[in-house]
1. Against the condition outside any strand (DSSP E or B), among the β-branched types (Val, Ile, Thr) and touching a residue at least 12 places away in the same chain (Cβ under 8 Å), how does Val17 come out, does it pass?
2. Give Gly145, Gly182 a once-over and let me know the one that is of a type outside the set (Phe, Trp, Tyr), surrounded by fewer than 18 Cβ atoms within 10 Å (Cβ to Cβ) and at positive phi.
3. If you take the residues of the range 81-99 that are hydroxyl-bearing (Ser, Thr, Tyr) and touching a residue at least 12 places away in the same chain (Cβ under 8 Å), which of them is surrounded by the fewest Cβ atoms within 10 Å (Cβ to Cβ)?
4. Among the residues of the range 21-48, how many are surrounded by 17 or more Cβ atoms within 10 Å (Cβ to Cβ) and of a type outside the set (Val, Ile, Thr)?
5. Filter the range 100-123 down to residues that are out of contact with any Leu (no Cβ under 6 Å at 6 or more places or on another chain) and over 17 Å from Val54 (Cβ atoms), then give me how many there are.
6. Here is a list of conditions, (1) surrounded by fewer than 17 Cβ atoms within 10 Å (Cβ to Cβ); (2) touching a helix residue (DSSP H, G or I) at 6+ places or on another chain (Cβ under 7 Å), and Tyr62 meets all of them except one; can you say which number that is?
7. Against the condition under 30 Å from Asp53 (Cβ atoms) and either at pLDDT 85 or above or of a type outside the set (S, T, N, Q) (or both), how does Leu69 come out, does it pass?
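The values are calculated or read from the model by the stated rules, or taken from the named source; none is laboratory data. Please read all numbers here as calculations on a predicted model, not as lab measurements. With ideal geometry, Cβ positions are generated from the backbone for all residues, glycine too; neighbour counts draw on all protein chains shown.
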Amino acid sequence: MMLGPAGKALAAGPESVTGNPAMIVSGFTAAGGRWNLQTTGISVAGGFSAGSDVSISGGLIYLGRGGILRRDETGSVTGEYSFGAGTALAGASFPLASWLRGGISAGVSWENIAEQAGTGLTCSAGLSADFQNGMKAGIAICGIGQAPSWNGIRKNMPTEVSAGVSYPLGSLLTGFAGGRIGFSTSDAFGGGLKVEYADLGFSAGYSYAPGEDEISGFFAGAQYVYTSEGTYTIEAAVSRRDDLGWPVYAGISISL
């Protein structure tokens, strides 16, 4: 979220198993947030080095909401039900050249709506490049596979292609830009700046979704890194939408 539409392609960590698997590095991370102050999302991921500059990671994402009203044909409330969706993935990143890495991941996805349940398969692949001038770039395709089946009917997979690039503009400032193209979801493009000083980092930018003004808006994030016999990072981010006066996305993550 700190990098907007470029985040899925550029963000490195064990949680990259759910984004650009070429960016997988060892460690542990946990994150959580609220969407529209109603739906809760959580994720955890852990990774380790497998030797020969290969990193392996496994991760879990879950999104759920309870208290959804059930209504009959006349609109009268007849009860409540809950919704839940998740993905569990495992993947690896590996060197292709001194400046280029590749990565793949695969796993299981599921959805539960009231008493109904369905499962499917998903996988991702990506590349990341780290150039001598400090520029970084990444590209990933996510959500390839087979969607959960409901009574023999399958929905479209949320397949997306994401790309991003970052470039240092000085010792403290980095510019970044990127976007995603969805085959059954909305497209988004955006960019911004990140300032890093000592143990602190701050980012801000704008995300634009063509034809979807209600999901276009500003995003911002803050980061603190603590080092003592290891590196510990805490990050928080918000993303605002044009039709509301408060953030509809807000999350916090901790990694070590």
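1. yes
2. Answer to the selection: Gly145.
3. Ranking the candidates gives Ser82 first.
4. 11
5. Looking only at that region, the number is 16.
6. (2)
7. Criteria not met by Leu69.
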